[in-house]
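Values quoted throughout were computed directly from the atomic coordinates according to the rules given, and no laboratory measurement underlies them. A quick note: this is a predicted structure, and the numbers were derived from the prediction, not measured. Don't worry about glycine lacking a Cβ; one is built from the backbone with ideal geometry, like all the others, and counts go over all protein chains shown.
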Amino acid sequence: MKKLKSILILMIVMLTASLSANADTIGYADFQKVIEEYSFAKNAYKDIDNKLLELQQYAIDKDKQYKTIESPLQKKTFEEQIQKEFKTREDKIYNLKVSKETEIKNNVLNASKAVAAAKKLDVILDYGVVYAGGVDVTNDIIQYLNAPKKK
């Protein structure tokens, strides 16, 4: 994994160096800030957190019920049933998280492409790989994402 990151960073640096003659066509953005200020992402992560809290409460409630059961056979049956239900709920939350993260990533990618086209930029890089030059388009991407969409 570290080798892959090293190779990726090296390629980005090489790309940046080759485009440095055209520094006006390079944009950069703080994508962490973009996601933090993207209202859809905030709502999606809040929804996922709420579902995780509901799952925790479910586990607490079922633990209380389990403690009231006296028969070892009933306890075992109850435990098996709850494990299946818990796993189903957990999988559903995981799938929701993956789905929302994919949607957020795609929206940020499309917004970046739209901002790059509007600003006539050849490339938009993460701000962490740009040491000097370029145009900061972080706020432009955030505004694009949070703007009301025409239906």
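Pairs from the table (K62/K105; K51/K105; K46/K92) lying more than 26 angstrom apart at Cα are K62/K105. For region 44-135, applying the loop criterion from DSSP together with a ceiling of 15 other beta carbons within 10 Å to the GluC sites (Glu not before Pro) yields E70.
Backbone amide hydrogens, once placed in the peptide plane, bring V135 within less than 5 Å of I26, G27, Y28, excluding anything fewer than 5 places away on its chain. A viscosity of 1.567 mPa s and a temperature of 4 °C, combined with the Kirkwood radius over Cα pairs in Stokes-Einstein, give a translational diffusion coefficient for region 59-150 of 73 µm²/s. Take the Cα of I48, go 7 Å toward its beta carbon, and the backbone nitrogen atoms of region 104-124 under 15 Å from that spot belong to 104-108.
Here the Karplus curve 6.51 cos²θ - 1.76 cosθ + 1.60, taken at θ = phi - 60°, turns the phi angles of region 57-68 into couplings of 5, 4, 5, 5, 4, 5, 5, 4, 5, 4, 5, 8 Hz, with x standing for Gly and Pro. In terms of the mean number of neighbouring beta-carbon atoms within 10 Å, the peptides 56-67, 112-123 order highest first as 112-123, 56-67.
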